[in-house]
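Peer 1: Got a structure here, written out as structure tokens. Questions coming.
The values are calculated or read from the model by the stated rules, or taken from the named source; none is laboratory data. Worth saying up front: this structure is predicted, and the values here are computed from it rather than measured. Neighbour counts are summed over all protein chains in view; Cβ atoms, including those assigned to glycine, are modelled from backbone coordinates with ideal geometry.
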């Protein structure tokens, strides 16, 4: 899965947590990208069996999509928190976490979580 696909899945998860049905327009607004870009991405995610889109245009994460979205979202939250604990301002921490979350290895991320747990976080 490419970084952009992960970003779209994570965005759908975040928007779903807000409680309202998620549509392509919501994803476009959330990510600040064009509607055609989202439409193309949703088509790829749908054909990859990561999402479903009903006849009203509501997007639902399927099992594989939800798994990836949760993984990326957890990385985003944990890395943001770690950076803020190190004194990085929230805006910068969020922006940096957004980039790091896609390239950090599972092994390194697990080590970061273990380190936090051992130090009471």
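Peer 1: Would you check which residues across segment 1-43 are free of Cβ contacts under 8 Å to residues at least 60 places away in the same chain and not in a helix (DSSP H, G or I) and list them?
Peer 2: Listed by number, the residues that qualify are 2, 18, 19, 20, 21, 22, 23, 32, 33, 34.
Peer 1: Hey, another quick one. So which of 78, 88, 103 is touching a helix residue (DSSP H, G or I) at 6+ places or on another chain (Cβ under 9 Å) and either under 17 Å from residue 4 (Cα atoms) or assigned by TED's automatic domain parsing to the domain that holds residue 31 (or both)? It would help to see each step written out before you state the result.
Peer 2: Details: 78 fails: either under 17 Å from residue 4 (Cα atoms) or assigned by TED's automatic domain parsing to the domain that holds residue 31 (or both); 88 fails: either under 17 Å from residue 4 (Cα atoms) or assigned by TED's automatic domain parsing to the domain that holds residue 31 (or both).
Exactly one residue qualifies, and that residue is 103.
Peer 1: Restricting attention to segment 61-80, which residues are without any contact (Cβ under 8 Å) to a residue 24 or more places away in the chain and closer than 13 Å to residue 10 by Cα? Please lay out each step first, then the result.
Peer 2: Pass one, segment 61-80, residues without any contact (Cβ under 8 Å) to a residue 24 or more places away in the chain: 62-64, 67, 71, 74, 77, 80.
Result: 62, 64, 67, 71, 74, 77.
Peer 1: Do we find that residue 37 is more than 15 Å from residue 69 (Cα to Cα) and outside the structural domain of residue 101 (by TED's automatic domain parsing) in this structure?
Peer 2: Numbers: more than 15 Å from residue 69 (Cα to Cα): yes; outside the structural domain of residue 101 (by TED's automatic domain parsing): yes.
Against the criterion (more than 15 Å from residue 69 (Cα to Cα) and outside the structural domain of residue 101 (by TED's automatic domain parsing)), residue 37 qualifies.
Peer 1: From the residues in segment 98-121 that are closer than 22 Å to residue 11 by Cα and part of a loop (DSSP other than H, G, I, E, B), which one is modelled with the lowest pLDDT? Don't jump to the end; show me each part of the working.
Peer 2: In the first step, residues of segment 98-121 are kept if they are closer than 22 Å to residue 11 by Cα; the result is 98-106, 109.
Now restrict to residues that are part of a loop (DSSP other than H, G, I, E, B): 101-105.
Values: 101: 88, 102: 85, 103: 89, 104: 91, 105: 91.
Looking at residues that are closer than 22 Å to residue 11 by Cα and part of a loop (DSSP other than H, G, I, E, B), I get 102.
Okay, residues lined up against (1) surrounded by fewer than 14 Cβ atoms within 10 Å (Cβ to Cβ); (2) touching a helix residue (DSSP H, G or I) at 6+ places or on another chain (Cβ under 9 Å):
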residue: 40; (1), (2): yes, no
residue: 46; (1), (2): no, no
residue: 58; (1), (2): no, no
residue: 63; (1), (2): yes, no
residue: 70; (1), (2): no, yes
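Peer 1: Return yes when residue 22 is under 15 Å from the mean Cα position of the chain (by Cα), surrounded by 18 or more Cβ atoms within 10 Å (Cβ to Cβ) and in the same structural domain as residue 61 (by TED's automatic domain parsing) and no when it is not.
Peer 2: So residue 22 fits the description; yes.
Peer 1: Picking from 74, 6, 95, 81, which residue would you name as being at pLDDT below 95 and surrounded by 18 or more Cβ atoms within 10 Å (Cβ to Cβ)?
Peer 2: Numbers: 74 fails: surrounded by 18 or more Cβ atoms within 10 Å (Cβ to Cβ); 95 fails: surrounded by 18 or more Cβ atoms within 10 Å (Cβ to Cβ); 81 fails: surrounded by 18 or more Cβ atoms within 10 Å (Cβ to Cβ).
Of 74, 6, 95, 81, the one residue that is at pLDDT below 95 and surrounded by 18 or more Cβ atoms within 10 Å (Cβ to Cβ) is 6.
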